[in-house]
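Trainee: The structure's right below; bear with me while I get my questions together.
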Amino acid sequence: MSSAAQIPGYAVGTYDIDSVHSDVEFALRHLGVGRSRGRFDGFRGEIVIAENPLDSTVTADIDPATINTGNADRDAHVRGSDFLDVETHPKAGFRSTGIRQDGDEYIIDGEFTLHGVTKPVALQAELGGFTDDGQGGTLLGISAGTTINRADFGVGPEGGAMLGEKVKITLEIEANLRSQ
């Protein structure tokens with residue numbers, strides 16, 4: 001198990017996710033042969049790095065109305081009642097419940113809420129590391145991902161003929177240490 005002493009630059013504290021330098025993206029099958037991709041442009045969160053890395057926590061809030069697939073008509077449809085129904089369900093988010101190590105990677109267990117439904121998920125995470133942000137602060141980088149079944153959250157039509165039910169979520173996160 002990696003300890004904080006084995007992680008170069010390890011810095012305990014509360015980090016705010018930098019939405020300008022971070023991405024929350026997804027991909028799913030379209031008509032069984034291609035992939036439809038998109039992202040959420042509105043999100044925020046914090047990562048609390050503890051003395052013991054496995055005691056750290058993550059919280060994130062996502063604004064589903066900020067979906068961006070690169071096509072305004074499709075985005076409007078996905079925001080509607082056929083899919084995300086953002087008027088009824090204006091929030092999505094993640095709250096960690098534990099962190100465990102798997103080789104050089106970490107598994108961040110937590111609860112993901114989408115479309116008013118909360119389910120357990122496990123994010124496979126790779127610690128990019130800690131570095132000076134060039135302005136006297138500390139920057140943290142993490143890559144993470146998971147796959148969910150959209151039907152488990154009541155999103156979209158049943159069956160996977162038009163759209164696959166498995167949705168791959170990819171996170172590229174940079175977070176800045178809060179001034180103490």
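Trainee: So which aspartates and glutamates can K166 reach, going by Cα to Cα under 20 Å and dropping same-chain residues fewer than 8 places off?
Mentor: Answer for K166, where 20 Å is the Cα cut-off: D23, E25, D75, D82, D85, D109, E111, D152, E158, listed by chain and number.
Trainee: What order do you get for 71-82, 14-25, 166-177 when each peptide is scored by the mean count of other beta carbon atoms within 10 Å, highest first?
Mentor: 166-177, 14-25, 71-82
Trainee: Assuming 0.36 nm per residue, please report the length gained on full extension of the stretch E158 to R178 beyond their Cα-Cα distance.
Mentor: Full-extension gain reported as 2.9 nm.
Trainee: Another question about this same structure. Could you give the dipole magnitude of the range 4-177 about its Cα centre, charging the beta-carbon of Lys and Arg +1 and that of Asp and Glu -1, in debye to the nearest 20?
Mentor: Details: 14 positive and 28 negative charges, 129 e Å.
Roughly 620 debye for the range 4-177.
Trainee: Could you work out the relative contact order of the chain, using alpha carbon pairs under 8 angstrom and six or more residues apart, expressed as a whole percent?
Mentor: For the chain, the relative contact order is 26 percent.
Trainee: Now a separate question. Restricting to DSSP H runs of at least four residues, report the calculated mean residue ellipticity at 222 nm for the chain, -39500 (n - 2.57) per run over all residues, nearest 500 deg cm²/dmol.
Mentor: Estimated from H runs of four or more residues: -1000 deg cm²/dmol.
Only the coordinates and a few stated rules stand behind these numbers; no lab work does. If you're wondering where the values come from, they're calculated on a predicted model, not measured in any experiment. Note that we place each Cβ from the backbone using ideal geometry, even for glycine, and neighbour counts take in every protein chain shown.
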